[in-house]
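What follows is a set of notes on a single structure, which appears directly below.
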Amino acid sequence: DSGVTQTPKHLITATGQRVTLRCSPRSGDLSVYWYQQSLDQGLQFLIQYYNGEERAKGNILERFSAQQFPDLHSELNLSSLELGDSALYFCASSARLAYPKDDTQYFGPGTRLTVL
Amino acid sequence: GQNIDQPTEMTATEGAIVQINCTYQTSGFNGLFWYQQHAGEAPTFLSYNVLDGLEEKGRFSSFLSRSKGYSYLLLKELQMKDSASYLCAVIKGSNTDKLIFGTGTRLQVFP
């Protein structure tokens, strides 16, 4: 158990709908990262928040948005869903911004999104 | 570019040693991670290399050559539970902690 929690574990919805995925980082971690993992692709970095502010952006579609709240939990909002959005969505957290040796990203169990 | 290359699949026998290679483009390199991921589960951290050389941690070791843009993960005394995907991930840039992942190597360990 990494200490990162994600809800829901599974989500099944229809095309055109909107969903919200939730992540709670490990206690004390300030950074939250969102990743998408499709069957035919590796982990794709979507976006990072640090202490409430957007820190880095990856291959995140305009239909997707995220935020980090004052209590440091984060939500990833996916709208106008398409079949191709079906994937595992992981949240990860780390303590700080920089990467000293002992600071790494710890992944939550993921949310499996199925768009029908 | 961001290309990180790993073999797609490997097989090995229980008790053996296997080496999983990872190559990356060196520009802006600032650290390399190895993660293990069982199917449908979260990636779990294995190792981190930022300087050249070998880092050993029990049955797992990771090597880095920055000039060659090359790393490997060495798994010794393989066990059935080591059957998983192994993900190589690189940090590019000096003031970022964004990880760029390779597509992973799926390792199957046979008895």
Margin query: Let me spell it out: the conditions are (1) modelled with pLDDT under 95; (2) outside any loop (DSSP other than H, G, I, E, B); (3) among the small types (G, A, S); (4) closer than 23 Å to A:P109 by Cα, and B:A42 meets all of them except one. Which number is the exception?
Written below: (2)
Notebook entry, point to check: How many residues does the range A:49-73 hold that are among the hydroxyl-bearing types (S, T, Y), within 14 Å of chain B (Cβ to nearest Cβ) and open to solvent by less than 60 Å² (accessible area, probe 1.4 Å)?
Noted result: 1
Next item on the list: Report the residue count in the range A:41-60 for those that are out of contact with any Ser or Thr (no Cβ under 9 Å at 6 or more places or on another chain) and in a loop (DSSP other than H, G, I, E, B).
Entry: 4
Note to self: Cβ-Cβ distance below 7 Å, separation of 6 or more or different chains: which pairs start in the range A:47-70 with a residue that is at positive phi and in contact (Cβ under 8 Å) with a residue 12 or more places away in the chain and end on one that is part of a loop (DSSP other than H, G, I, E, B) and not aliphatic (A, V, I, L, M)?
What the structure shows: A:G52/A:P70
Notebook entry, point to check: Name the residues in the range A:74-99 that are crowded, with 16+ Cβ neighbours inside 10 Å and assigned to a loop (DSSP other than H, G, I, E, B), would you?
Noted result: A:L81, A:S86, A:A95, A:L97, A:Y99
Checklist line | Condition met for B:S65 (hydroxyl-bearing (S, T, Y), surrounded by fewer than 16 Cβ atoms within 10 Å (Cβ to Cβ) and either over 26 Å from A:A95 (Cα atoms) or within 14 Å of chain A (Cβ to nearest Cβ) (or both)) | finding: yes
Note to self: I'm told A:T15 meets every condition in (1) of a type outside the set (F, W, Y); (2) open to solvent by 20 Å² or more (accessible area, probe 1.4 Å); (3) closer than 16 Å to A:G108 by Cα except one. Can you identify the failing condition by its number?
What the structure shows: (3)
Check: Of the residues that sit in the range A:62-71 and are more than 13 Å from the chain's Cα centre (by Cα) and not acidic (D, E), which one is farthest from A:T111 (Cα to Cα)?
Finding: A:P70
Margin query: Within the range A:18-48, take every residue that is surrounded by 20 or more Cβ atoms within 10 Å (Cβ to Cβ) and among the hydrophobic types (A, V, I, L, M, F, W, C) and give me the one that is farthest from the other protein chains (Cβ to nearest Cβ).
Written below: A:L21
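The values are calculated or read from the model by the stated rules, or taken from the named source; none is laboratory data. Keep in mind that what you see is a predicted model, and the values were worked out from it rather than measured. Using ideal geometry, Cβ is built from the backbone for each residue, glycine included, and neighbour counts are taken over all protein chains shown. In case anyone asks, the SASA skips ligands and DNA or RNA and just uses the protein heavy atoms, side chains included. Shrake-Rupley method; radii C 1.70, N 1.55, O 1.52, S 1.80 Å.
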